């Protein structure tokens, strides 16, 4: 346990304390000014953008990833397809950050592979400016790691559906619809919502992918925090950045509490 | 005790434990203290001119004894720093360690604070004006031999900081891909669709901030009231012409960013580098010549105080100033050197032509502009 606590202290507890204490300090004196700065229109807009981006990509990722997980689960356990998809998703779920952003730039950017290829074929794809917008390009890019992550975290739940339950439903005269409506959906629901929350926090806290693609206006909270720490134009706002970080901690804490509650409900059914 | 200072204490303790294994836990810069004492009786760390140390020869001697100089955030392709560093090394036989060449001005200060008292701390700074103004307490005043030739408003009277080189905000463009702009407003034309980039986010990068000020002046505003500048970028975005990509030499070379707002010396250097591959031209709008100077200062806690001061002497000598000029930057002594006939005429002739009196924003003007920018930039381009 000692290594665990040492690790948690260095990488979790101390940084959290730095953020929490820093959020209420300015020039070494206690203040509420940093927290009050969170009501600035620019910060409110960044918060809204971050929540919308995370919610939309979490929901879309959960629905698409969930369907994929079901499709994969219906395949035979040892089938090549299933093993292939599962390991592919394992890789793709971690394929975020600068590498993913670069892949999109190299494909859809103004001098990207697809853009020049389409131009040769006589189709003008335009300068590809949508790619750099948080509500267009970034959403698409985020789905590239959200969908595989959903598949990975949701697959065990789908696998937990026992064939006997379906047989039991049918024996009692229930149709497929009744099985899904009355048996499978209630069992899967907590896992599904829990996984969606996980996807939400995953997108909410992502920084590198967004930073590599969006270089103007800092439209998201993590980008706005980065700006307060590295700006050479507007100085002395580090502690406002910490207040924004505290805001993020609060949002993630709410999501994680919900997740924990749902996870407890789900494990009741899906325990091995 | 705040958690932050707690962390620093434990880090220092850890460093000392590690150091004791190798040697005693002593300040790593012990040799610079003794070598810095010249016959003038003042140690290099407190010398405010070469005379304090008994003249230029003594300074060179003390610096050579230190043998090392740490610089930070000096990209080799920025204002000819690559050649300047090489020239200094071979002239004095002092090894230069160039740390984090792509760091920002804010990073320079935070690195100096983090490494304070260590032999790897930066000796000298080359800072954007805002960061310099906010951190003068970290500088050691020093007047180079040519201090009097630096114009009054480009230096602190005590030599705490001195402007070193500067330039004018310009529009660099790929003449093979887009028509030559004849004004800032030209960039709204359809020929520039999705092609106009700003060198960074103006709430973050000094060059981009000056870009918005320049556009503001071109559109009839001022460097202080930049409403018109921000509005222009909003129009540029609405027209689909604004390309929200952070331009780098790589994006320019690959053709991703065909039009770039940046300092003229960077655009000129880019053009020289791409000669033969791309016709990269630099244009300074006739009605909007907005200038900006960088700031040179000695770190108060420089681990190599004599070498740091010798570096200043070198930068402000005719040789150092001409090297900047060769890189397309306008050294701070340019006027005096042109009068004396010591400026590199060929390099001076290659500078982009400017048609009107340059505006150099003051810190008060910048402060007002920043205030507006912080509240409105995200909305304009978001």
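At a glance:
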| read-out | value |
| --- | --- |
| Hits in the stretch A:104-131 - residues which are away from chain B (no Cβ under 11 Å) and assigned to a loop (DSSP other than H, G, I, E, B) | A:121, A:122, A:123 |
| Residue in the stretch B:356-363 that is surrounded by fewer than 19 Cβ atoms within 10 Å (Cβ to Cβ), within 14 Å of chain A (Cβ to nearest Cβ) and within 18 Å of the chain's Cα centre (by Cα) present | yes |
| Hits in the stretch A:241-272 (condition: buried (at least 20 other Cβ atoms within 10 Å of the Cβ) and either in contact with a strand residue (DSSP E or B) (Cβ under 9 Å, 6 or more places away or on another chain) or without any contact (Cβ under 8 Å) to a residue 12 or more places away in the chain (or both)) | A:242 |
| Search result, residues across the stretch B:216-257 that are part of a loop (DSSP other than H, G, I, E, B) and under 22 Å from residue B:176 (Cβ atoms) | B:240, B:241, B:243, B:245, B:247, B:248, B:254, B:255, B:256, B:257 |
| Sole exception among (1) in contact with a helix residue (DSSP H, G or I) (Cβ under 9 Å, 6 or more places away or on another chain); (2) assigned to a helix (DSSP H, G or I); (3) farther than 24 Å from residue B:353 by Cβ for residue B:207, by number | (3) |
| Residue check for residue B:175: surrounded by 16 or more Cβ atoms within 10 Å (Cβ to Cβ) and either farther than 19 Å from residue B:288 by Cβ or within 11 Å of chain A (Cβ to nearest Cβ) (or both) | no |
| Selected residue [outside the structural domain of residue B:60 (by TED's automatic domain parsing) and over 30 Å from residue B:143 (Cβ atoms)] from B:282, B:362 | B:282 |
| Residue B:140 vs. criteria modelled with pLDDT of 95 or more, over 25 Å from residue A:229 (Cα atoms), touching a helix residue (DSSP H, G or I) at 6+ places or on another chain (Cβ under 9 Å) and more than 14 Å from chain A (Cβ to nearest Cβ) | yes |
| Residue among B:182, B:222 that alone is closer than 29 Å to residue B:325 by Cβ, surrounded by fewer than 21 Cβ atoms within 10 Å (Cβ to Cβ) and away from chain A (no Cβ under 14 Å) | B:182 |
| Pick from the stretch B:365-382, criterion touching a residue at least 12 places away in the same chain (Cβ under 8 Å) and more than 9 Å from chain A (Cβ to nearest Cβ), ranking: surrounded by the fewest Cβ atoms within 10 Å (Cβ to Cβ) | B:368 |
| Filter result (out of contact with any strand residue (DSSP E or B) (no Cβ under 6 Å at 6 or more places or on another chain) and crowded, with 21+ Cβ neighbours inside 10 Å) within the stretch B:112-128 | B:121, B:128 |
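Okay, residues lined up against (1) within 21 Å of residue A:96 (Cα to Cα); (2) at pLDDT below 90; (3) more than 14 Å from every other protein chain (Cβ to nearest Cβ); (4) over 18 Å from the mean Cα position of the chain (by Cα):
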residue: A:172; (1), (2), (3), (4): no, no, yes, yes
residue: A:202; (1), (2), (3), (4): yes, no, yes, no
residue: A:217; (1), (2), (3), (4): no, yes, no, yes
residue: A:229; (1), (2), (3), (4): no, yes, no, yes
residue: A:240; (1), (2), (3), (4): no, no, no, yes
residue: A:259; (1), (2), (3), (4): no, yes, yes, no
residue: A:265; (1), (2), (3), (4): no, yes, yes, yes
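The values are calculated or read from the model by the stated rules, or taken from the named source; none is laboratory data. Note that the structure is predicted; figures quoted are calculated from it, not measured. Glycine also receives a Cβ, built like all others from the backbone with ideal geometry; neighbour counts cover every protein chain displayed.
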